[in-house]
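The block underneath contains the structure these notes are about, expressed in structure tokens.
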Amino acid sequence: MFRVPRGAFDVVPPRSEVLLAVRDALAGPVRHAGYGYIETPVFEETALFVRGVGESTDVVTKEMYSFTTRGGDELTLRPEGTAPVLRAVLENRLHEHGLPVKVWYSGPYFRYERPQRGRYRHFSQVGAEVIGTDDPASDAETIVLAMDAYRSLGLTGVRLLLNSLGSPRSRLPYRDALQAFLRGLDLDDDTRRRVEQNPLRVLDDKRPEVQAALREAPVISDFLSADDVRHHDGVRSLLADAGVPFVDAPRLVRGLDYYSRTLYEFVHDGLGAQSAVGGGGRYDGLSEMIGGPRLSGVGFALGVERTLLAVEAEDVPVPVARELDVFAVALGTAAGRRLFALVTELRRAGFAADLAPAGRGLKGAMKAADRSGARWAIIAGDRDLAAGVVQLKDLRTGEQRAVPWDAVLPAVTSLPK
Ligand code: AMP
């Protein structure tokens, strides 16, 4: 027997219904706010991620599913959505028809990570990007829409962590100061190498002993320029106006190099080590990094599976697609043919209807009817056929009555659900 590859998973009914509902809920607020849907391929040129995400990031150095095609192209299964979406916006010249460009997307992403609860090699995100704006209102808008998505699911345990990484100009002196501090610590070889290549990434080290050593580390907020501070204060006051509480997180960094200024993460305490249910930020340099014009942007990616775990951890009821209204049971071939037509008619009229598989016998078919979750059963055998009726049965009370064939649709329409 084959098994699903390590780090990947199947989502099967009935949990898959909840997953669908979660995905829809995450996309709801951006769709409602006028963002356009964008779809890009699952693979891209490898160089897009090396340049866009950053050569020294874990994502690029350790986690990419890269391959050479038969034709010799170097491709990578997308590990994230922002660089591909920006590539597509530029390639399709959406930025030439008025700014900002607002788009949302949804789909699978791939990272060769060490699998654990909430961390997979194949996972899905719902994302949104606002491209071509320096306005702090855009940063705030993405945050509010993401928070509204979590709230629409009834989640109450999602906290917002907020930081500013400053613009690249204010980040340079910070990088130097942080590097000088980190060089003075007793760190393992791997981390030392990271200190030289990408010192901000060390702040993201989850080991308690490293976190303890970092307590005295310089913080970016002491290095922000006046413009950076003004931008950050703008975001903060808009969030306050919108009733979205946040926690200042001066050491928050994220695994992708393209961020500048606003950086945020949504965390949920019911998930254990992998507590981030979503995150985002501003990426003013990304367009130029991938060979485009100067074009700023801000956006988020929300993890669908982790949000599902949060929904399960809080045990909030998620409205899933309607169960069956009607389940039809045919006893005999002739009745089967008539009921097939009737079920088709009911479905076309908007009812959720299903038909028992042929040849089960009454007992097996009624068991299937009970399992289906339908409130009503329509039962017909040869004798009913001869009398021109079906039996309409309330599966909750067990009551049953005969209804003429041509009165079934109006009868079902008037039934309580
Ligand atoms: P990122 O693209 O790293 O900013 O991640 C955005 C969100 O995607 C995270 O907050 C998680 O909810 C989700 N996510 C990222 N990596 C994984 C993974 N390996 N498995 C499951 N969810 C993930």
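Structure notes:
- What the Cβ-Cβ distance of Thr61 and Arg371 gives, at R0 = 51 Å and to the nearest 0.05, is a FRET efficiency of 0.55.
- Ligands, DNA and RNA aside, Tyr35 has an accessible area near 10 Å² when probed at 1.4 Å.
- For Phe2, Phe351, Phe9, the ranking by accessible surface with the largest value first comes to Phe2, Phe9, Phe351, using a 1.4 Å probe.
- At R0 = 25 Å, FRET efficiency that the Cβ-Cβ distance of Arg230 and Arg159 yields, to 0.05: 0.45
- Per DSSP, loop GluC sites (Glu not before Pro) in region 113-221 with at most 16 further Cβ within 10 Å: none
- Close amide H pairs (under 5 Å, H built 1.01 Å from N) link Gly381 with Leu331, residues at least 5 positions away or on another chain.
- Residues of the chain: accessible area per residue with a 1.4 Å probe, Å²: 50
- The share of accessible area on region 35-134 that comes from carbon and sulfur is 49 percent, using a 1.4 angstrom probe.
- Low-density loop positions, trypsin sites (Lys or Arg not before Pro), region 311-373 - DSSP coil, at most 12 other Cβ in 10 Å: Arg322
- For region 200-249: rounded, prolate or oblate by the Cα gyration tensor [a/c cutoff 1.5]: oblate
- Accessible surface ranking that places the most exposed of Met366, Met147, Met1, Met289 first, with a 1.4 angstrom probe: Met1, Met289, Met366, Met147
- For region 326-410, the square roots of the Cα gyration tensor eigenvalues, ordered a ≥ b ≥ c, give a/c below 1.5, which places it in the rounded category.
- Within region 326-410, antiparallel bridges make up roughly 55 percent of the DSSP beta bridges whose residues both belong there.
- With Cα atoms, 0 to 90° folded angle of helix 333-348 axis to the chain main axis: 40
- The chain: angle of helix 304-314 to the longest principal axis, Cα-based, in degrees nearest 10: 70
- Separation in nanometres of the label points that stand 7 Å from Cα toward Cβ, at Arg114 and Leu409: 6.2
- Accessible surface comparison of Leu172, Leu238, Leu187, probe 1.4 Å, protein chains only, largest first: the order is Leu172, Leu238, Leu187.
The values are calculated or read from the model by the stated rules, or taken from the named source; none is laboratory data. Since we're looking at a predicted model, the values are computed, not measured. Counting neighbours? That spans all protein chains shown, and the Cβs are built from the backbone with ideal geometry, glycine included. Each accessible area value is taken on the protein alone, full model and side chains, heavy atoms only, with ligands, DNA and RNA left out. Shrake-Rupley method; radii C 1.70, N 1.55, O 1.52, S 1.80 Å.
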